[in-house]
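Below is one structure, written out as structure tokens; comments come after it.
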Amino acid sequence: MKLLKILLPGLFAAQVIATIQVYLSNAGLYSALIATANAGYLAVPNRRAMAHLGEFGPAFFGGLFFTLTVGASLSIFAFAAAWMWDRVFSRNRVSLVFFLILWVGCLVSVNFKGFCPAAASYFLFVPPLVFAVALKWMPEQTVEKTRRSELIHVIPLLLLAFMWVPLAGSNMFLNMRDSFLLSDSPGKWINDFYYNYTLYSAEAFKSLDQKMIRTCNPDHIGGGPAANLVKEKLLRHDYFPINGYAKADLEISGKEGLLVFRNRGKEVLRIPPEDFLSRSGPILKEFSLKTDRYSFFREFVFFCLLTGSPIILYIILRTLFFLVLTPFMNPGRTSAMASVLCFLTGGVLLILLYSGSNRVVDVRNLSEAMESENWKDRVAALKFIGREGMEVSNLEDYERMLKSSSVPERYWLAKAMSKSRRPETYSDLLTLLDDPHRNVVCMAFYSLGRRGNAAAAGEIIKRIEASGDWYTQWYAYRALRALGWKQAKSK
């Protein structure tokens with residue numbers, strides 16, 4: 001209970017920073033999208049979805065991602081540093097230098113490629129705040145009993161981490177989504193909440209190369225055939241030439257026979273025009289790399305997602321158990337029982353996840369898996385069919401699966417259909433674009449892109465223009481690009 005109380009100021013500070021960060025990112029994206037749409041290009045998200053970029057809700061809820069990753073991790077690390085300085089070093093001021101060096105090192109790293117105020121603010125404000133609060137509220141260490149009570153909090157968490165590590169991997173999050181978030185109403189609500197707001201936070205720390213739509217101001221390269229070829233190459237890589245747009249991601253001018261690439265008024269590259277025309281892709285990747293101020297921050301966020309996020313969820317769950325048990329037990333037993341219940345909860349979730357991800361399907365038991373009453377067996381079979389590139393419409397249960405009540409089953413069916421080339425599966429994919437669940441729709445767009453049928457582009461564009469959901473539009477646009485479709489001005 002007291003631990004969460006110590007961490008809350010850090011989480012609150014992180015949420016304030018994150019909300020401001022995402023709000024400013026949304027404002028910048030809105031400006032770019034309006035300029036893109038006004039210039040006659042297909043903007044994603046469209047005007048209907050981009051209207052939410054100016055609202056407080058997307059900024060606040062999008063900022064929760066940074067709070068529960070960066071904010072949680074920095075708060076926990078700061079508490080751990082305060083605990084070590086108090087318990088191990090007995091608040092010796094000389095030993096404090098070690099922690100200060102770590103703190104300054106993080107600040108230097110996050111600003112190494114250029115001053116990054118949003119990312120730096122987390123490191124600047126959260127650790128000192130939590131460190132100070134922890135020292136003020138940390139109970140004095142008096143007897144051995146205090147040490148034992150502190151170990152009670154740590155041991156179950158360490159055991160859970162040891163148990164969960166073997167399942168860590170690229171498929172862990174998908175397996176967790178299928179097993180826990182797409183199988184019941186509360187889980188679906190959490191899943192929808194995540195996908196409603198995840199792109200707002202993601203957009204706030206992407207590199208140019210990771211962004212879907214990038215703007216370019218070609219005002220100063222003149223006209224003529226050579227300039228038009230440069231603009232064509234830029235457009236092919238989703239850098240939209242917009243004359244007069246002062247906030248463009250890329251500003252191009254000509255000087256001494258060279259193309260000068262600038263970002264935010266700073267010169268980044270000088271390239272001979274013929275080099276750019278022959279190597280536009282690598283050159284634009286180099287431009288993105290040299291203007292990417294968030295590379296360290298992105299790596300840190302991913303690290304926090306695997307460390308700080310699970311720990312803060314454990315602390316919150318333990319606090320809830322503690323509050324529920326407090327009327328029935330003394331504080332010592334309540335604390336111990338709360339830790340035990342957290343361990344049991346994590347263990348049960350691990351068993352459920354393992355049972356869902358450990359199903360082995362091959363040609364010998366494929367028919368048996370497809371006929372199973374358990375949707376997890378059928379999903380395992382669909383994954384096998386997708387990996388092997390088998391024709392999914394040959395299955396006897398194909399028509400039934402299209403109408404399955406299981407969201408994961410429809411999702412993996414849509415993905416397996418990416419390997420099919422039959423006209424009837426193409427029609428079924430178009431039907432799945434009307435599926436009531438966002439994840440299934442996104443996978444249907446993905447499969448349309450993978451199939452390579454350029455005739456699907458017109459239908460996909462219609463869906464983008466009619467949709468109000470940014471996430472499905474994102475998948476739809478990626479499908480368009482996979483089909484070889486290229487942007488062109490509509491006016």
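A Cβ distance below 9 Å, combined with a sequence gap of six or more or placement on separate chains, defines the contacts here; from region 198-225, residues that are closer than 17 Å to Leu250 by Cα and touching a residue at least 60 places away in the same chain (Cβ under 8 Å) reach residues that are among the β-branched types (Val, Ile, Thr) and open to solvent by 20 Å² or more (accessible area, probe 1.4 Å) in the pairs Ser207/Thr291; Leu208/Thr291. Of everything in region 430-448 that is under 12 Å from Met417 (Cβ atoms) and not aliphatic (A, V, I, L, M), the residue that is surrounded by the fewest Cβ atoms within 10 Å (Cβ to Cβ) is Thr431.
The residues in region 253-289 that are aliphatic (A, V, I, L, M) and open to solvent by less than 20 Å² (accessible area, probe 1.4 Å) can be counted, and the count is 6. Only residues that are in contact (Cβ under 8 Å) with a residue 24 or more places away in the chain, out of contact with any helix residue (DSSP H, G or I) (no Cβ under 8 Å at 6 or more places or on another chain) and either closer than 25 Å to Arg48 by Cα or among the acidic types (Asp, Glu) (or both) were counted in region 413-469, giving 1.
Residue-level check: of (1) under 30 Å from Ala80 (Cβ atoms); (2) at pLDDT 95 or above; (3) of a type outside the set (Asp, Glu), Ile283 misses just (1). Residues in region 361-384 that are surrounded by 16 or more Cβ atoms within 10 Å (Cβ to Cβ) and within 20 Å of Arg177 (Cβ to Cβ): Val361, Trp375, Lys376, Asp377, Arg378, Val379, Ala380, Ala381, Leu382, Lys383, Phe384.
If the condition is being exposed (fewer than 15 other Cβ atoms within 10 Å of the Cβ) and among the hydroxyl-bearing types (Ser, Thr, Tyr), then region 290-339 contributes only Thr326. Checking the stated criteria, Arg87 turns out not to satisfy the condition of being over 19 Å from Ala202 (Cα atoms), at pLDDT below 95, out of contact with any helix residue (DSSP H, G or I) (no Cβ under 9 Å at 6 or more places or on another chain) and charged (D, E, K, R).
Kindly establish whether Ala455 is over 26 Å from the mean Cα position of the chain (by Cα), more than 22 Å from Gly40 (Cβ to Cβ) and loosely packed, with under 12 Cβ neighbours inside 10 Å. For Ala455, the condition - over 26 Å from the mean Cα position of the chain (by Cα), more than 22 Å from Gly40 (Cβ to Cβ) and loosely packed, with under 12 Cβ neighbours inside 10 Å - is met.
Residues checked against (1) in contact with a His (Cβ under 7 Å, 6 or more places away or on another chain); (2) hydroxyl-bearing (Ser, Thr, Tyr); (3) within 30 Å of Leu350 (Cα to Cα):
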residue: Val268; (1), (2), (3): no, no, no
residue: Ile283; (1), (2), (3): no, no, no
residue: Cys304; (1), (2), (3): no, no, yes
residue: Ser309; (1), (2), (3): no, yes, yes
residue: Leu320; (1), (2), (3): no, no, yes
residue: Arg333; (1), (2), (3): no, no, yes
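Tallying residues that are closer than 30 Å to Ala488 by Cα, of a type in the set (Ser, Thr, Tyr) and crowded, with 21+ Cβ neighbours inside 10 Å within region 24-71 yields 3.
Scanning region 85-143 for residues that are over 22 Å from Leu11 (Cα atoms), open to solvent by less than 30 Å² (accessible area, probe 1.4 Å) and among the hydroxyl-bearing types (Ser, Thr, Tyr) gives a single hit, Ser95.
Mind checking which pairs have a first residue in region 250-274 that is under 20 Å from Thr36 (Cα atoms) and a second that is in a strand (DSSP E or B) and of a type in the set (Lys, Arg), Cβ under 7 Å, 6 or more apart or different chains? The qualifying pairs are Leu250/Arg214; Glu251/Arg262. Does any residue of region 14-28 turn out to be of a type in the set (S, T, N, Q), over 21 Å from the mean Cα position of the chain (by Cα), farther than 30 Å from Ile152 by Cβ and part of a helix (DSSP H, G or I)? No, region 14-28 contains no residue that is of a type in the set (S, T, N, Q), over 21 Å from the mean Cα position of the chain (by Cα), farther than 30 Å from Ile152 by Cβ and part of a helix (DSSP H, G or I).
Which of the numbered conditions does Phe384 fail, given that it passes all the others? Conditions: (1) part of a helix (DSSP H, G or I); (2) among the aromatic types (Phe, Trp, Tyr); (3) within 27 Å of Thr215 (Cβ to Cβ); (4) at pLDDT below 95. Unmet for Phe384, out of (1) part of a helix (DSSP H, G or I); (2) among the aromatic types (Phe, Trp, Tyr); (3) within 27 Å of Thr215 (Cβ to Cβ); (4) at pLDDT below 95: (3). For region 196-231, the set of residues classified as part of a helix (DSSP H, G or I), in contact with an Asp or Glu (Cβ under 9 Å, 6 or more places away or on another chain) and of a type in the set (Asp, Glu) consists of Asp209 only.
The values are calculated or read from the model by the stated rules, or taken from the named source; none is laboratory data. Predicted model only: the values in this text are computed from it and were never measured. Reconstructed Cβ throughout: ideal geometry from the backbone, glycine too, with neighbour counts over all protein chains shown. When the accessible area is computed, the model is the full protein with side chains, heavy atoms only, and any ligands, DNA or RNA have been set aside. Shrake-Rupley method; radii C 1.70, N 1.55, O 1.52, S 1.80 Å.
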